[in-house]
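Working notes for the structure below.
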Amino acid sequence: MPASRRGSGSITLPSGQTLAIHTRTQDEEGLPHATKRTMADHLRKFESLFTLTPQRMRMITEAFSETLELGLKKPGQVVPMIPTYVFGWPTGEEVGDFLALDLGGTNLRVCLVSLKGNGQFEITQTKYRLTEEQKQEDGENLFDFCAECLKTFILTNMDSIVEQGADEEGVKEDGATVAAATAQAAAGESEGGGALIKPGQELALGFTFSYPCAQERIDHGELIRWTKGFGAPNTEGRDVAEMFRKALSKHDLPIKLTALINDTTGTLIASHYVNPRTKIAVIFGTGCNAAYMEHVSEIDKIAHLGIDPKADMAINCEWGAFDSFEHEHLPRTPYDIIVDQTSNKPEEQAFEKLISGRYLGEILRLVICELIDEGVLFLGQNTYKLDEPYCFDTAFLSLMESDPTDELLMVIGIFTHFFALETTLAERQFFRALARLIGRRAARLSACGIAAIVQKMGYLDEGCSVGADGSLYNKYPGFADRVHEGLIDIFGEKGKNIVTHHAEDGSGVGSAIIAAMTKMRKDAGIYPNV
Ligand code: GLC
């Protein structure tokens, strides 16, 4: 057996302390291993590191509320509280056909949304997976890719989008343009009934770009910083709506970018469209963020625009940035600090890094690696597969937590299949308990963010619904219950008045509703310049 951190026998730590290696029982193939007792001892340390007391949660909520207020007053704050120029709630009667393009943390999605009124809609969509390379390539390439996907979608769904029998003059030679495809479709079997636009007309597009963008108008947005592991150069500080328009202009597409929105704003509007009790929207996915409806009179930093102070406007909080740089309020463990320092954006998105799906698996992996280094776990086995940053998917935490078997067969499966490692029952119980601690902390911190908005807006007594979306909220077992428990820990019994529910598709449907609201507002001449 080579002498390495994975060796068996005894290990002397730099502190001089010697760790004995424990041996498995026969049914565990006689490999040396840690005993259940040792794992339970270790667990206690992690319990105290990852557990948030109600008192601590209340302190975080307080600081959070103050940060939100500050972001509304002054421009350029860490939590930027971005005015979105989405004015007030939808009526539910918005109708029409809209395109939505959704650049999230993991996928690119193109949707065709038909709003039917009465809170009803139909949606046709295609998803494209984004590669890690695309996230780091020049921004212009990224937007070119978006425009190409949009074009493919339009060409594929041509019959239902563009009216048949296009004007021959519109047909170009290369045969790849929309106009040409329209003519081809006209020659085909389709009747062309129900087409959305006539040749020469344009279809409104809502672009859901889920990164912090400072907006001067609804169809503009300067990228403040990339988040969620994106790093495409040549994009930060630039108007991404304009970059996308430029990419779009390389194709002959009958599309007009009407609104640039954040996924949280879309979620807020879409959830309210179907459930008017919704007052706040949150995303717990690859990233973590919230939006809510604010009184314009409270947004001091845009007072100079002269917008009616009695109007309401959605605010994209970008709360993932809470406690960035200063690190005064959030209880970070040594593992959180490593996640932060090894990320492409050290010091930024401090709140998000403790909560979102992008990071939870990595936090757990770092704990495991430390215990391997200390000679506590996987003795005598080759653990090199765990050395790869981000190899431990947050989905593994969900699976471990939901394993219904006494033997924790799911946990066995994860470690043997993905990491070629054998585990003892004690280790498996430890891993599951660790997943619980990390998942629970994420949910309780999320509750602090929600509580801060509730407190700021005075929603506690009357209560409200919080539309929530994202893989963590939708797939992580017990996440919503833990958020609700957290709200009770912060507010006492009244915390029960705040209830999260699975949101409507904000980036698709929400984006379409906002495009419709914007069109109606502009047609009516209300704040036409924003
Ligand atoms: C990140 C982005 C934010 C987005 C959130 C959820 O925090 O900065 O804009 O809303 O992820 O996708």
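Here, each number is a calculation from the coordinates, and none is a lab measurement. Here the structure is a predicted model, which is why all the values come from computation and not from measurement. In this analysis, Cβ positions are derived from the backbone assuming ideal geometry, glycine residues included, and neighbour counts consider all displayed protein chains.
Quick one: net charge around Ser271, please, counting Lys, Arg +1 and Asp, Glu -1 for every other residue with C-beta under 15 Å from its C-beta.
Spelling it out: positives minus negatives among the neighbours equals -3.
For the chain, take the longest principal axis of its alpha carbons; what is the angle in degrees between that and the long axis of helix 425-457, to the nearest 10 within 0 to 90?
With rounding to tens, the tilt is 40 degrees.
Hey, what D do you get for region 33-82 in µm²/s if you plug the Kirkwood alpha-carbon radius into Stokes-Einstein at 25 °C and 0.890 mPa s?
Answer from the Stokes-Einstein relation: 176 µm²/s.
So how strong a dipole does region 253-405 carry about its Cα centre when Lys and Arg Cβ are +1 and Asp and Glu Cβ are -1, to the nearest 20 debye?
The dipole magnitude comes to about 700 debye.
Modelled label-to-label distance, Glu62 and Glu216, 7 Å Cα→beta-carbon offset: nm?
About 4.1 nm separates the two model spin labels.
Taking H placed 1.01 Å from N in the peptide plane, check which residues at least 5 places from Val86 or on another chain put their amide H under 5 Å from its amide H.
Answer set, sorted by chain and number: Ala314.
Using the reciprocal of the averaged 1/r over all distinct C-alpha pairs, how large is the Kirkwood radius of the chain in Å?
Over the chain, the inverse of the mean reciprocal pair distance is 25.0 Å.
Measuring from centroid to centroid over Cα atoms, what is the spacing of region 239-278 and region 94-117 in Å?
8 Å
What does the charge dipole of the chain about its Cα centre add up to, to the nearest 20 debye, if the Cβ of each Lys and Arg holds +1 and the Cβ of each Asp and Glu holds -1?
Roughly 1380 debye, rounded to the nearest 20.
Helix 240-249 versus the longest principal axis of the chain: what is the Cα-based angle in degrees, 0 to 90, to the nearest 10?
Helix 240-249 sits at roughly 60 degrees to that axis.
Could you point to the residue in Val466, Asn529, Ala435 farthest towards the positive end of the chain's charge dipole, with +1 and -1 charges on the Cβ of Lys/Arg and Asp/Glu respectively?
Ala435
Enumerate the calculated ³J(HN,Hα) couplings along region 399-406 in order (Karplus 6.51 cos²θ - 1.76 cosθ + 1.60, θ = phi - 60°), each rounded to whole Hz, writing x wherever the residue is Gly or Pro.
So the Karplus estimates, Gly and Pro as x, are 5, 5, 5, 9, 4, x, 8, 5 Hz.
So, in nm, how far is label Glu132 from label Thr51 when the simple model puts each one 7 Å beyond its Cα toward the Cβ?
3.6 nm
Can you list the residues, at least 5 places off or on another chain, whose amide H is less than 5 Å from the amide H of Thr278, using H built in the peptide plane?
Ser465
Tell me, what HN-Hα J-couplings in whole Hz come from the Karplus equation 6.51 cos²θ - 1.76 cosθ + 1.60 at θ = phi - 60° for each residue of region 45-55, using x for Gly and Pro?
Listing the rounded values in order: 4, 6, 4, 6, 6, 9, 8, 10, 6, x, 5 Hz.
Could you work out the pair-distance distribution P(r) of region 420-474 from its alpha-carbon pairs, with 10 angstrom bin width and percents rounded to whole numbers?
For region 420-474, the pair-distance distribution reads 19, 33, 24, 14, 8, 1.
Scan around Gly470 for amide H atoms under 5 Å from its own, H built in the peptide plane at 1.01 Å from N, and keep only partners 5 or more places away or cross-chain.
So Gly470 has HN proximity to Phe284.
Among DSSP beta bridges lying fully in the chain, give the percent that are antiparallel, nearest 5.
About 65 percent, rounded to the nearest 5.
Residue by residue, what Karplus-based ³J(HN,Hα) values in Hz, rounded to whole numbers, does region 256-262 have, using 6.51, -1.76 and 1.60 with θ = phi - 60° and x for Gly and Pro?
Coupling constants for region 256-262: 10, 6, 9, 9, 9, 10, 9 Hz.
Cα axis of helix 479-491 to longest principal axis of the chain: angle in degrees, 0 to 90, nearest 10?
Between helix and principal axis, roughly 90 degrees.
Using +1 at the C-beta of Lys and Arg and -1 at the C-beta of Asp and Glu, which of Asn141, Ile123, Gly237 has the Cα lying farthest in the positive direction of the dipole of the chain?
Gly237
Once Lys and Arg get +1 and Asp and Glu get -1 on their Cβ, which of His327, Cys288, Leu397 lies farthest toward the positive end of the dipole of the chain?
His327
Can you tell me the Rg and Dmax of region 241-366, counting just the alpha carbons, in angstroms?
Values for region 241-366 (Cα only, Rg and Dmax): 18.5, 52 Å.
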